[in-house]
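The values are calculated or read from the model by the stated rules, or taken from the named source; none is laboratory data. Keep in mind the model is a prediction, meaning the values are calculated, not measured. Backbone-built Cβ (ideal geometry, glycine too); neighbour counts: all protein chains shown.
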């Protein structure tokens with residue numbers, strides 16, 4: 001499967017006890033954390049990829065009868 005690039009807003013909030021909480025502003029429910037900013041970025045990227053992979057797997061199992069799918073780019 002060809003990988004596509006999309007731009008999303010990653011938010012990194014420092015925690016009082018150290019580390020960062022990370023989430024995607026445009027997609028509710030995708031979040032992660034890390035001890036360093038770099039680790040938080042890597043963990044958030046993994047979380048985003050896992051969510052999209054799971055969504056594709058679920059959609060692949062559904063019946064595709066008369067459904068049209070198309071890749072699109074969105075700009076805000």
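Among the residues of segment 23-32, is any surrounded by fewer than 11 Cβ atoms within 10 Å (Cβ to Cβ), in contact with a helix residue (DSSP H, G or I) (Cβ under 9 Å, 6 or more places away or on another chain) and either modelled with pLDDT of 85 or more or part of a helix (DSSP H, G or I) (or both)?
yes
Would you point out which residue out of 47, 57 is in contact with a strand residue (DSSP E or B) (Cβ under 6 Å, 6 or more places away or on another chain) and modelled with pLDDT of 75 or more? Show your work before the answer.
Working: 57 fails: in contact with a strand residue (DSSP E or B) (Cβ under 6 Å, 6 or more places away or on another chain).
It is 47.
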